[in-house]
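Working notes for the structure below.
The values are calculated or read from the model by the stated rules, or taken from the named source; none is laboratory data. Bear in mind that the values here come from a model prediction, so they are computed numbers and not experimental data. Ideal geometry is used to build each Cβ from the backbone, glycine not excepted, and the neighbour counts take in all protein chains shown. When the accessible area is computed, the model is the full protein with side chains, heavy atoms only, and any ligands, DNA or RNA have been set aside. Shrake-Rupley method; radii C 1.70, N 1.55, O 1.52, S 1.80 Å.
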Amino acid sequence: MTLNLVDAGAFEFSPENKKWAAEELKKYPDSYRQSCVMPYLHRAQEQNHGWVSIPIMEYIADLLDMAYIRVHEVASFYSMYNLKPVGKHVIEVCTTTPCWLRGSDDVAAACKKELGIGFGETTADGEFTLLEVECAGACVNAPVIAYKENYYEDLDEDTTTAFIKSIKAGKVVSCGPQNGRFKSCPKGRATTLKDFAPKELLKAQDSKGSDK
Ligand code: FES
């Protein structure tokens, strides 16, 4: 397996990230410096090819004068932190109730079929990791996949398969609704508050000739 494995031993921020870390810490009063743990974890994960190792958590604990276990508690609570090596492309499928009610089972099945792996697994070539996550906070556009800090929404089996195939082909997929819907507006023509409908929505609806 060719993962983005890096030395899981010693870790320190790159010179550029050290400068960033010093500036970031200035945003917090001295007595609340530990609140900087999340941005530090995020930046460290970026530097470490997508995952947070134990030495990273120890390094951040030292930087912020906090107990290592406190850093670990944060890193293990939020699904955006990966505690083991991940592939180049991390696909996060939300399966919490609103997404489930809107078909996340089909989305998950399409991902598993197209990638040949299950949740928590990485493809043999180290390209893809598939993760199951809790509510991504975009329930209004359920079901949702999070990928590279963007959301891909209103998915079904076909659009999910097309989404994965596009990533494999190195194509850029526009984020947001994948069913033609405009943001979180009604899929068809607005039926209420028409005077307040965004111009972009009306334009999008007109171009599709929707009569709903
Ligand atoms: S339940 Fe999936 S985004 Fe909220």
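Against the condition over 25 Å from Q45 (Cα atoms) and among the charged types (D, E, K, R), how does D65 come out, does it pass? No; evaluated as a whole, the condition is false for this residue.
Please go through the range 104-116 and pick out each residue that is farther than 16 Å from I167 by Cα and surrounded by fewer than 18 Cβ atoms within 10 Å (Cβ to Cβ). Residues satisfying the conditions are D105, D106, A109. Of the strands (runs of 3 or more DSSP E) lying entirely inside the range 124-194, none contains at least 3 residues that are touching a Cys at 6+ places or on another chain (Cβ under 9 Å), open to solvent by less than 50 Å² (accessible area, probe 1.4 Å) and at pLDDT below 95.
Here A61 meets the list (1) surrounded by 17 or more Cβ atoms within 10 Å (Cβ to Cβ); (2) touching a strand residue (DSSP E or B) at 6+ places or on another chain (Cβ under 9 Å); (3) within 30 Å of K26 (Cα to Cα) almost entirely, failing just condition (2). Every listed requirement among (1) touching a Leu at 6+ places or on another chain (Cβ under 7 Å); (2) buried (at least 20 other Cβ atoms within 10 Å of the Cβ) is met by P85 save one, (2). Inspect the range 28-47 for any residue being over 20 Å from the mean Cα position of the chain (by Cα) and part of a loop (DSSP other than H, G, I, E, B) and give the result as yes or no. Checking the range 28-47: at least one residue is over 20 Å from the mean Cα position of the chain (by Cα) and part of a loop (DSSP other than H, G, I, E, B).
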